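Presented below is the structure to which this report refers.
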Amino acid sequence: MTDPSRSRAAAAPTLSAPSRRSVLAGALGAAALAAGRPVRAAEPGLLRVGYQKYGTLVLLKGKGLLEQRLKPLGYRVTWAEFPSGPPLLEALNAGAIDLGSAGEAPPIFAQAASADLRYVANEPPAPLGEAILVPRDSTVRTVADLRGRTIALNKGSNVHYLLVRALAEAGVPYEAVNLAWLSPADAGAAFARGSVDAWVIWDPYLASAERSTGARTLVSGTGLAPNRQFYLSNRGAVETHRAAIEATIGAIGEIDTWAKANTETVAAELAPSVGIPAPVLTVALGRLSYGVRPIDAETIADQQRVADAFHALGLLPKPLRVADAVWTPARNG
């Protein structure tokens, strides 16, 4: 009998991973165009925030709370939307934005590209908020069954590390799977039409795929990847905007407290901009973590494991020390 998953893999298009140079050039060009002017360094009185369609920052933007908190400090705020963490971090490294959020893998690659990256704060782990999905009729039952299959994911994103860890735990060499580097939107379409055998993805796309396709979760991040959300800046911004960044983290804390107690309201507010029905977002929000906090020793150790794993696979050109990029107000640099 023909294995339907293998048939899908055979029919999948040949996809090559873009070079980091082309990805960086594209992201920086997009950031400059979005700003309507050349990329520039941090400037007094202006905090430029990068956000994604889902998460605390988009709620902060929608409520207008950050503008309220920063106005007494003499600041105005501009917002720039990004499709995922990697291009957001590339823009941050280039000085196109001053603050943004991303999962655990993008900051590793960003630090490797620039010593100016700074970890500012993080949310608690949310391992259920990311997973490896397979079609409901797939014969793939374990991660070991992914050997030789085609897997869609966003290169350099938080789920990249989940896949690395899951394969290692299952004894499957990283080189033994075929990787299709696709954005969430393109990966979702490929998964729905059966062009890939598995999809490594995060919420709310995860919850949407579960609802719309009946996809099965092969493994989540539980026991494999913490799936923290980090708030990140760069050296120039923390030196210029210390008080504003501290106030921003305080505002994020306020939004976290409200969101944790008002999941259905949050889902209703996010649904139009995210393009996902509120009931599906409610599922995703139930797997989200809340409670912004400083970067502690446990978090640094977890991030160091991410960096070491990517370096061991040759995905980082040299080892890096995560602790070097952690910012505290006292250090301010």
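Of (1) assigned to a helix (DSSP H, G or I); (2) touching a residue at least 24 places away in the same chain (Cβ under 8 Å), Ser101 satisfies all except one. Which? Only one criterion in (1) assigned to a helix (DSSP H, G or I); (2) touching a residue at least 24 places away in the same chain (Cβ under 8 Å) is unmet by Ser101, namely (1). Taking the numbered list (1) in contact (Cβ under 8 Å) with a residue 40 or more places away in the chain; (2) closer than 30 Å to Arg293 by Cβ in turn, Thr142 passes all entries but (2).
Checked against (1) over 23 Å from Thr248 (Cα atoms); (2) open to solvent by less than 30 Å² (accessible area, probe 1.4 Å); (3) modelled with pLDDT of 95 or more; (4) not polar (S, T, N, Q), Arg305 passes all but a single condition, namely (2). Right, Ser101: under 12 Å from the mean Cα position of the chain (by Cα), under 29 Å from Pro294 (Cα atoms) and open to solvent by 10 Å² or more (accessible area, probe 1.4 Å) or not? Yes, satisfied.
Checking each residue in the stretch 224-250 for being crowded, with 24+ Cβ neighbours inside 10 Å, of a type outside the set (A, V, I, L, M, F, W, C) and in a helix (DSSP H, G or I) picks out only Thr248.
Every condition in (1) under 14 Å from Gly55 (Cα atoms); (2) surrounded by fewer than 20 Cβ atoms within 10 Å (Cβ to Cβ); (3) over 19 Å from the mean Cα position of the chain (by Cα) is met by Ser273 except one, and the failing one is (3).
For the stretch 130-146, a residue qualifies if it is open to solvent by 10 Å² or more (accessible area, probe 1.4 Å) and either in a loop (DSSP other than H, G, I, E, B) or touching a His at 6+ places or on another chain (Cβ under 7 Å) (or both), and the qualifying residues are Pro135, Arg136, Asp137, Thr139, Arg141, Thr142.
Rundown of residues vs (1) in a loop (DSSP other than H, G, I, E, B); (2) hydrophobic (A, V, I, L, M, F, W, C); (3) on the phi < 0 side of the Ramachandran plot, yes/no style:
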site	(1), (2), (3)
Tyr161	no, no, yes
Leu167	no, yes, yes
Ala187	no, yes, yes
Ile201	no, yes, yes
Ala207	no, yes, yes
Thr217	no, no, yes
Thr222	yes, no, yes
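Any residue that is small (Gly, Ala, Ser) and either open to solvent by 20 Å² or more (accessible area, probe 1.4 Å) or over 18 Å from the mean Cα position of the chain (by Cα) (or both) - is there at least one of those in the stretch 147-160?
Here is the first cut: in the stretch 147-160, the ones small (Gly, Ala, Ser) are 148, 152, 156-157.
From what is left, the residues that are either open to solvent by 20 Å² or more (accessible area, probe 1.4 Å) or over 18 Å from the mean Cα position of the chain (by Cα) (or both) are 148.
Yes - at least one qualifying residue is present in the stretch 147-160.
The values are calculated or read from the model by the stated rules, or taken from the named source; none is laboratory data. Please read these numbers as outputs of a predicted model, since none were measured by experiment. We place every Cβ from the backbone using ideal geometry, glycine too, and count neighbours over all the protein chains shown. Keep in mind that these areas ignore ligands, DNA and RNA; they rest on the heavy atoms of the full protein, side chains included. Shrake-Rupley method; radii C 1.70, N 1.55, O 1.52, S 1.80 Å.
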